[in-house]
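*Asks:* For reference, the structure I am asking about is given below.
The values are calculated or read from the model by the stated rules, or taken from the named source; none is laboratory data. These numbers come from a predicted model, not from an experiment. Glycine gets a Cβ as well: all are built from the backbone with ideal geometry, and neighbour counts include every protein chain shown.
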Amino acid sequence: MIPLTHVCRAWRGAFSSRSSLWTSFQCQDADKTRVYLERSKSSAISLRIDREDVLSPHDPLFQVIPHATSRLKYLCIRTTPENIGHITPHLSHPAPLLECLWIDCGSGPEPRSIPVLATSLFNGNLPSLRSIHLVSVRTELPWRNMINLTWFALWHTPLGGISIGQLLDFFENTPHLKNIELRSATPTSGAQGGRLVSLAHLEWMSIQGDEPCSLLLHHLLIPVGAKLSIWVGSFGPRLEGHLPRSLDNFRNLSDLTKISLDLTESHPNMEFTGPNGQVSVTCRSPQGNLTSPALEYLAKIYTSKTEELIITRGSPPSGDLPRRAFLRMQDLHTLTLYRCRSIHFFIHALHPDTSSLGTVVCPNLEELVLVLRTNGEVFDIKDLINVAAARALCGAKLSIVRIIGGQDKVDLGGVLELREHVFDVESGPGVGDTNSGEEW
């Protein structure tokens, strides 16, 4: 902006008098910074501070920043852990206009301990703050007057850097939070038995890292309409540690209508969806077969209102696991098995219990979609015929069966026999899902 004022006297007068043109700058040169502060007049300012080298006692920010904090609207500080302790004492005055605060202490070598922001920062009073983003730094939050905060992000805080109790304290004092992002910063200790904190305005929450987050989620009341995304580097020995212990606190899944399990070994994904929200769990580096742990989890949570279940590329689970999971799905309407290995494990689970006439797995199941693998595995349709016939005798008749795959994968004579027990049977190569346009 300054070079434009050197073109001519007219330009200098025009640009110098427009205060809105001088509100965004970096605090690098003391004289230049003073020019921006003077020409911005009383307007709110956006300031960026980058300091990766050793700070000098004569650094311009020490000379000008104390006089500008009252006008700060946006502040971004990127520095080293050693420097942050020298910078923040000069930001002890109130910042009543500050809406966005970004502090990144990830520059330089990894510190022995993560720096802690002083409670005196901005005198602890930030009534206008809407967004705070902390990287490789933590704070003894809550500060005062955080009622307007809507976005909170905490990145790269090592284990022990913050406790579950401290995070819950912060959430209680920021009742209007809409977006929460925890990246490699999930606390795993310091929980308080029976404590439940409501995130009444939450719209989106993202948790990333290898730390298990079920203990934290156990203390949060997730509202209607919220979406929760969990990204895990590796599930490690236990899948359950990264999933909600139960869905009792998840109002967004009070009517859990759809479950999608993509159990691809390289990047498994689990999605739980209802009309009021969604929870998804994605793993980048899984360890071992997740089919059995995933179905074991479904056998424990409340799924009686689930209407659609999609299992993609699942490996053979334990013989009893599919039955245990399906028994809880009383309202299941559609089951899709997409290229699952040993598909008969899942089909057998739908067979009524002959020892107990009152036990019918998924009694409301009407549509079964089987997308067969393309590696030469032949589908034995007799398994499906036996299950369909037994279900019909129990009054739980399948109405639609779609078998998608090459003609060589299905015995056409078996298809004709299956039609004796199922009203609508489709079999063939199939180009895909007509609703989504995806190729099967």
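*Asks:* Can you confirm whether segment 56-75 contains a residue that is assigned to a strand (DSSP E or B), modelled with pLDDT of 90 or more, among the hydrophobic types (A, V, I, L, M, F, W, C) and surrounded by 15 or more Cβ atoms within 10 Å (Cβ to Cβ)?
*Replies:* Yes, segment 56-75 has at least one match.
*Asks:* Here's a follow-up. Within segment 217-253, take every residue that is basic (Lys, Arg) and surrounded by fewer than 16 Cβ atoms within 10 Å (Cβ to Cβ) and give me the one that is farthest from Thr291 (Cα to Cα).
*Replies:* Arg245
*Asks:* Go through segment 76-95 and count every residue that is under 31 Å from the mean Cα position of the chain (by Cα) and buried (at least 19 other Cβ atoms within 10 Å of the Cβ).
*Replies:* Residues flagged as under 31 Å from the mean Cα position of the chain (by Cα) and buried (at least 19 other Cβ atoms within 10 Å of the Cβ) within segment 76-95 amount to 5.
*Asks:* Between Leu196, Leu167, which is surrounded by 15 or more Cβ atoms within 10 Å (Cβ to Cβ), of a type in the set (A, V, I, L, M, F, W, C) and in contact (Cβ under 8 Å) with a residue 40 or more places away in the chain?
*Replies:* Leu167
*Asks:* Looking at segment 314-330, is at least one residue in contact with a Ser or Thr (Cβ under 6 Å, 6 or more places away or on another chain) and either touching a residue at least 40 places away in the same chain (Cβ under 8 Å) or on the phi > 0 side of the Ramachandran plot (or both)?
*Replies:* Scanning segment 314-330, I find at least one residue that is in contact with a Ser or Thr (Cβ under 6 Å, 6 or more places away or on another chain) and either touching a residue at least 40 places away in the same chain (Cβ under 8 Å) or on the phi > 0 side of the Ramachandran plot (or both), so the answer is yes.
*Asks:* Moving on to the next point. Among the residues of segment 197-231, what is the count of those that are hydrophobic (A, V, I, L, M, F, W, C) and part of a loop (DSSP other than H, G, I, E, B)?
*Replies:* Result for segment 197-231: 6.
*Asks:* What is the residue count in segment 255-267 for residues that are modelled with pLDDT under 90 and within 16 Å of the chain's Cα centre (by Cα)?
*Replies:* 1
*Asks:* Here is a follow-up. Give the residue that is modelled with the lowest pLDDT, with candidates limited to residues of segment 390-414 that are surrounded by fewer than 16 Cβ atoms within 10 Å (Cβ to Cβ) and part of a helix (DSSP H, G or I).
*Replies:* Ranking the qualifying residues of segment 390-414, first place goes to Gln407.
So that you can scan it fast, the table gives a plain yes or no per residue for (1) surrounded by fewer than 21 Cβ atoms within 10 Å (Cβ to Cβ); (2) closer than 20 Å to Gly395 by Cα; (3) among the aliphatic types (A, V, I, L, M):
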| site | (1), (2), (3) |
| --- | --- |
| Glu307 | yes, yes, no |
| Ile310 | yes, no, yes |
| Gly314 | no, no, no |
| Ser318 | yes, no, no |
| Arg324 | yes, no, no |
| Arg328 | yes, yes, no |
| Thr334 | yes, yes, no |
| His344 | yes, no, no |
| Leu350 | no, yes, yes |
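*Asks:* Give the residue that is surrounded by the fewest Cβ atoms within 10 Å (Cβ to Cβ), with candidates limited to residues of segment 96-128 that are at pLDDT below 90 and among the small types (Gly, Ala, Ser).
*Replies:* Selected residue: Ser113.
*Asks:* Tell me the helices (runs of 4 or more DSSP H) entirely within segment 232-348 that contain at least 2 residues that are of a type outside the set (A, V, I, L, M, F, W, C) and under 27 Å from Met205 (Cβ atoms).
*Replies:* 291-298
*Asks:* Any residue at all in segment 184-201 that is touching a Lys or Arg at 6+ places or on another chain (Cβ under 8 Å) and farther than 20 Å from Leu134 by Cβ?
*Replies:* Looking through segment 184-201, at least one residue is touching a Lys or Arg at 6+ places or on another chain (Cβ under 8 Å) and farther than 20 Å from Leu134 by Cβ.
*Asks:* Could you give every pair whose Cβ atoms fall below 9 Å, whose first residue belongs to segment 418-435 and is surrounded by 12 or more Cβ atoms within 10 Å (Cβ to Cβ), and whose second residue is acidic (Asp, Glu) and modelled with pLDDT under 90, counting only separations of at least 6 or pairs across chains?
*Replies:* Gly432/Glu438; Gly432/Glu439; Asp433/Glu439
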